[in-house]
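Colleague: Here it is, the structure in full.
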Amino acid sequence: MSRFRMYPTSEQAGVMLDHCAHARYVWNLAVEQHSHWHKGRIAAPGFAEQCRQLTEARRDSEWLRGGNADVQQQALKDFARAKTAKFTSVGTDRVPEFEADGSPKLNAKGTQVMGRSVVVRRLNGRWAQVKVPGCGWVRFRLTRAELPKAKTFRVTFRNGQWHAAFAVIPEPVHAPATGEVIGIDRGVKITAALSDGRKLNCPQLTVKKRAQIRRDQRRAARAPQGSHAKTAGYARVARLRAREADRRKDWCEKTSTMLARTYGLVRFEKLNIKNMTASAKGTVEQPGKKVRQKAGLNRAILAQGWGLLRQRTEHKAPGRVEDVPAPFTSLRCSACGWIEKKSRKSQADFVCVSCGFTCNADENAATNVAAGQSGFPRPRRLAGAGGTTAATGRSSVREPQPSRVGIPLS
């Protein structure tokens, strides 16, 4: 998906906003039909029947007839796809809900307009135009060398900005001749620690901007309901959040391209991000503990773009990305293979209690990931004082395993 910033004229922006209103109206009608069917009142119509009903509604309503039929039919397609995804997936999609004009949820989600045919022409090295239904030629900033070649595109309005997203399948990046294997350990302090020693960090908002977000949120929360101050405050927060998300996406795109071009095989630590960022508030009968601290940790994890980096690397290097089980990759010594919790002295320091090997903790974990090493089943403890093994007297939780990297066991 190639995404570009659009700069429509005021007249074109007004027409596209009307498209958004028509698409939202048709979407809400489809949601209302689905809610009645869910309550057992009427049978839910399919996509073909909804298109026939849309034709009748356009014949009766002058306001709806003034809009573009392709845009309105695309709203029905989006609803059908969302409804199908809800009933065929394993709980990853929500039930389609109503969209209100100007609501915070709508500002975060965006309103979409779809074009069936793509007609693009270049103006110069930095600017191009795309033909939007009912609007004519709309300029957009060309941030790539070539014009997008796609069969469909989608125009999105979010946080006061227009964007055009073209459905383009990128060509896979050719693997380098070196065949080098790289391991990546993902964290909060360091977004991506590579096994060759490099440390990559996803850009974040500055301390000043974060303070501005908190200040705008407090002012908007205290403002009267429905006032201009409340709307403007939340709009400023949304713009800053969108800027942070754009920087994160840009970093993931550039970093994934670098990984695909530089290394023959990329190995990531396998993480279940959905479970890691689940809420800790619990239930009324069993309330959670340290809920606010867990919420802060969840925000810090999601701000790193772990999942997007892994996804985009797989898209650009298909067949050259592997996942290594996460257990004990940060506790295993990459030199001798001994697994001991006490070896992890702090977030950044790793000192093996067996061989004395010293290394950065994230780099040590990345080296284990590159070698494909993780934890092994816990061996049975032998009878000994204090739970120590009878052979060595060492209170390690794992037996040392032969290492494929670093210094082998003698």
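Colleague: Counting only residues that are of a type outside the set (Phe, Trp, Tyr) and in contact (Cβ under 8 Å) with a residue 60 or more places away in the chain, how many does the stretch 301-330 have?
Modeller: 15
Colleague: Picking from Asp93, Asp60, which residue would you name as being at pLDDT below 85 and among the acidic types (Asp, Glu)?
Modeller: Answer to the selection: Asp93.
Colleague: Residues in the stretch 298-334 that are closer than 24 Å to Asn364 by Cα and not in a helix (DSSP H, G or I): how many?
Modeller: Number of matching residues: 18.
Colleague: Another one. If you check Arg218 against the conditions, is it more than 24 Å from Gly307 (Cα to Cα), in a helix (DSSP H, G or I) and under 25 Å from the mean Cα position of the chain (by Cα)?
Modeller: The answer is no for Arg218.
Colleague: Answer yes or no as to whether Gln225 is at pLDDT 85 or above and surrounded by 13 or more Cβ atoms within 10 Å (Cβ to Cβ). Walk me through it before giving the result.
Modeller: Numbers: at pLDDT 85 or above: yes; surrounded by 13 or more Cβ atoms within 10 Å (Cβ to Cβ): no.
Against the criterion (at pLDDT 85 or above and surrounded by 13 or more Cβ atoms within 10 Å (Cβ to Cβ)), Gln225 does not qualify.
Colleague: Being touching a Cys at 6+ places or on another chain (Cβ under 6 Å) and either surrounded by 13 or more Cβ atoms within 10 Å (Cβ to Cβ) or in the same structural domain as Thr191 (by TED's automatic domain parsing) (or both) is the requirement here; does Arg241 meet it?
Modeller: Numbers: touching a Cys at 6+ places or on another chain (Cβ under 6 Å): no; either surrounded by 13 or more Cβ atoms within 10 Å (Cβ to Cβ) or in the same structural domain as Thr191 (by TED's automatic domain parsing) (or both): yes.
No.
Colleague: Okay, moving on. I'm told Glu285 meets every condition in (1) in a loop (DSSP other than H, G, I, E, B); (2) touching a strand residue (DSSP E or B) at 6+ places or on another chain (Cβ under 9 Å); (3) charged (D, E, K, R) except one. Can you identify the failing condition by its number?
Modeller: (2)
Colleague: Between Trp338, Trp306, which is at pLDDT below 90, of a type in the set (Phe, Trp, Tyr) and surrounded by 17 or more Cβ atoms within 10 Å (Cβ to Cβ)?
Modeller: Trp338
Colleague: Suppose we keep only residues that are in a strand (DSSP E or B) and of a type in the set (S, T, N, Q) within the stretch 132-161. Which one would you say is surrounded by the fewest Cβ atoms within 10 Å (Cβ to Cβ)? Can you show your working first?
Modeller: Quick first cut of the stretch 132-161, residues in a strand (DSSP E or B) only: 132, 136-141, 153-158, 161.
Adding the requirement that they be of a type in the set (S, T, N, Q) leaves 156, 161.
Details: Thr156: 17, Gln161: 14.
This residue is Gln161.
Colleague: Report whether or not His174 is of a type outside the set (A, V, I, L, M, F, W, C) and part of a strand (DSSP E or B).
Modeller: So His174 does not fit the description; no.
Colleague: I'm trying to understand the selection: among the residues of the stretch 58-68, which are buried (at least 16 other Cβ atoms within 10 Å of the Cβ) and either of a type in the set (A, V, I, L, M, F, W, C) or in contact with a Pro (Cβ under 9 Å, 6 or more places away or on another chain) (or both)?
Modeller: Leu64, Asn68
Colleague: Also, I was wondering about something else. Residues Ser343, Ser334: which one is touching a residue at least 24 places away in the same chain (Cβ under 8 Å) and among the hydroxyl-bearing types (Ser, Thr, Tyr)?
Modeller: Ser334
Colleague: Scan Gln73, Gln53 and give me the residue that is among the polar types (S, T, N, Q), under 27 Å from Cys135 (Cα atoms), at pLDDT 85 or above and buried (at least 18 other Cβ atoms within 10 Å of the Cβ).
Modeller: The match here is Gln73.
Colleague: Looking at the stretch 162-169, can you tell me whether even one residue there is crowded, with 17+ Cβ neighbours inside 10 Å, within 29 Å of Cys359 (Cα to Cα) and modelled with pLDDT of 85 or more?
Modeller: no
Colleague: Condition (residue is under 30 Å from Asn364 (Cβ atoms), touching a strand residue (DSSP E or B) at 6+ places or on another chain (Cβ under 8 Å), surrounded by 15 or more Cβ atoms within 10 Å (Cβ to Cβ) and aliphatic (A, V, I, L, M)) applied to the stretch 253-263: is it met by at least one residue?
Modeller: Checking the stretch 253-263: at least one residue is under 30 Å from Asn364 (Cβ atoms), touching a strand residue (DSSP E or B) at 6+ places or on another chain (Cβ under 8 Å), surrounded by 15 or more Cβ atoms within 10 Å (Cβ to Cβ) and aliphatic (A, V, I, L, M).
The values are calculated or read from the model by the stated rules, or taken from the named source; none is laboratory data. Just so we're clear, the structure is a prediction, and the values are computed from it rather than from any experiment. We place every Cβ from the backbone using ideal geometry, glycine too, and count neighbours over all the protein chains shown.
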